[in-house]
Amino acid sequence: MSRGNTRQRIQEVALELFAERGYEKTSLREIAEQLGVTKAALYYHFKTKEDLVTSLFEDLVLGPADEVIAWAEAHRPTTLETKLEILNRYSVCISNATPLVRFMHENQAALRELSIGEQMKARIFTLLELIKDGDAALTDQVRCASALFTMHSTFFALETSNTDPEEKRKAALEVAQELVTAAHHGPVQRQGPETGNARHE
């Protein structure tokens with residue numbers, strides 16, 4: 001197995017154990033045992049659990065989220081059409097990292113102690129600023145914050161549902177776009193594909 005594949009396999013197993021036992025209760029020794037490798041082999045790739053979690057976030061969420069933010073910042077001023085597309089792109093981003101999103105929600109105390117938690121929070125706040133109007137009323141700020149929370153929470157909140165994951169993603173995206181549309185008070189632009197139902201003013 002190549003070094004790249006070994007690193008990815010370590011990430012996959014670690015994420016499974018973190019989800020099953022929690023971050024605090026999972027050790028690097030247990031991860032190594034699950035992989036069938038020595039701790040020395042594991043340390044070659046990751047010195048600490050924090051290094052491992054940081055790599056997961058950087059590869060699965062932070063990098064893709066930065067791409068969404070870069071796209072959004074290149075499309076200012078932010079029209080409703082742009083806001084809805086931000087949500088669409090971010091929805092795809094987090095759907096590709098569903099186990100990690102679940103980890104975020106189930107290990108919030110641990111994340112507060114890790115530097116990566118602050119980095120993730122910064123991305124979410126940046127996205128919030130991009131989808132809400134600068135002078136938004138408090139109720140509209142809540143709508144926009146709820147839109148992001150809806151997309152984050154749906155995957156694990158409905159994990160017992162037999163619904164196809166892609167259908168869950170689209171349903172969560174639709175609700176999120178409805179919330180942001182309701183909060184938007186600028187000129188409404190013509191919609192592109194998969195941008196939900198915009199409000200016509």
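So which of 126, 54, 78 ends up being more than 16 Å from the chain's Cα centre (by Cα) and either in a helix (DSSP H, G or I) or modelled with pLDDT under 95 (or both)? Walk me through it before giving the result.
Values: 126 fails: more than 16 Å from the chain's Cα centre (by Cα); 54 fails: more than 16 Å from the chain's Cα centre (by Cα).
When all the criteria are applied, what remains is 78.
Can you spot a residue in region 14-32 that is open to solvent by less than 70 Å² (accessible area, probe 1.4 Å), closer than 30 Å to residue 129 by Cβ and among the charged types (D, E, K, R)? No: region 14-32 contains no residue that is open to solvent by less than 70 Å² (accessible area, probe 1.4 Å), closer than 30 Å to residue 129 by Cβ and among the charged types (D, E, K, R).
Out of curiosity, is residue 70 more than 30 Å from residue 92 (Cβ to Cβ), open to solvent by less than 70 Å² (accessible area, probe 1.4 Å) and among the aliphatic types (A, V, I, L, M)? Don't jump to the end; show me each part of the working.
On the way: more than 30 Å from residue 92 (Cβ to Cβ): no; open to solvent by less than 70 Å² (accessible area, probe 1.4 Å): yes; among the aliphatic types (A, V, I, L, M): yes.
The answer is no for residue 70.
Which members of region 108-151 meet the condition of being among the β-branched types (Val, Ile, Thr) and over 21 Å from residue 58 (Cβ atoms)? Result: 131, 139, 142, 150. Among the conditions (1) surrounded by fewer than 19 Cβ atoms within 10 Å (Cβ to Cβ); (2) at pLDDT below 85, the only one that residue 101 does not satisfy is (1). Taking the listed residues 178, 167, the one that is part of a helix (DSSP H, G or I), open to solvent by 70 Å² or more (accessible area, probe 1.4 Å), out of contact with any Asp or Glu (no Cβ under 8 Å at 6 or more places or on another chain) and modelled with pLDDT of 95 or more is 178, with no other qualifying.
The values are calculated or read from the model by the stated rules, or taken from the named source; none is laboratory data. None of the values given here were measured: they were computed from a predicted structure. Reconstructed Cβ throughout: ideal geometry from the backbone, glycine too, with neighbour counts over all protein chains shown. Quick note on the areas: whole protein, heavy atoms, side chains included, nothing else; ligands and nucleic acids left out. Shrake-Rupley method; radii C 1.70, N 1.55, O 1.52, S 1.80 Å.
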